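Below is one structure, written out as structure tokens; comments come after it.
The values are calculated or read from the model by the stated rules, or taken from the named source; none is laboratory data. Keep in mind it's a predicted model, so treat the numbers as computed, not measured. Neighbour counts run over all protein chains shown; Cβ positions are idealised from the backbone, glycine included. The area values use the complete protein model at the heavy-atom level, side chains included, leaving out ligands, DNA and RNA. Shrake-Rupley method; radii C 1.70, N 1.55, O 1.52, S 1.80 Å.
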Amino acid sequence: MAVIIDLEKCTGCATCEEGCPVEAIKIENEKAVVDAETCVDCGTCIDECPEKAISEGK
Ligand code: SF4
Ligand code: SF4
């Protein structure tokens, strides 16, 4: 599993990239991209995203 990024809301601010403990998020073309293989579902990025663009994957 991995978190889902709402690309309509994401501003590419990189807060999630900086906060992710396992470096599962990278900013590409000013949008956050999650590596589902690396993400451990810790939830840090969901809490830290100022745009509330990140949600729990299903
Ligand atoms: S913290 Fe939110 S708005 Fe900022 S890059 Fe990550 S997903 Fe996008
Ligand atoms: S849930 Fe945790 S491990 Fe997954 S992308 Fe967000 S901060 Fe990184």
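For the chain, report the accessible area per residue in Å² (1.4 Å probe, heavy atoms, rounded to an integer). Walk me through the numbers before you get to the answer.
On the way: 3930 Å² over 58 residues.
About 68 Å² of surface per residue is accessible.
Using a 4.7 Å cut-off between beta carbons, which cysteines in the chain end up with no partner cysteine at all?
C10, C13, C20, C39, C42, C49
What percent do you get for the relative contact order of region 4-55 when only Cα pairs under 8 Å and 6+ apart count? Could the numbers behind the result be given before it?
Numbers: 76 pairs, mean separation 23.3, N = 52.
Answer for region 4-55 is 45 percent.
When the accessible area of the chain is computed with all protein chains present and a 1.4 Å probe, what percentage of it is carbon and sulfur?
Values: 1840 of 3930 Å².
About 47 percent, which is the carbon plus sulfur part of the accessible surface.
Counting only other residues whose beta carbon sits under 10 Å from that of M1, what net charge do I get with K and R as +1, D and E as -1?
On the way: positive: K58; negative: D41, E56.
That sum, taken over residues with Cβ under 10 Å, equals -1.
In sequence order, what are the phi-derived ³J(HN,Hα) couplings for region 18-24 according to the Karplus relation 6.51 cos²θ - 1.76 cosθ + 1.60 with θ = phi - 60°, rounded to whole Hz, with x for glycine and proline?
Result, rounded to whole Hz: 5, x, 5, x, 10, 6, 8.
If you line up the Cα atoms of the chain on their principal axes, what length do they span on each, largest first, in Å?
Reported extents, whole Å, longest axis first: 23, 19, 16.
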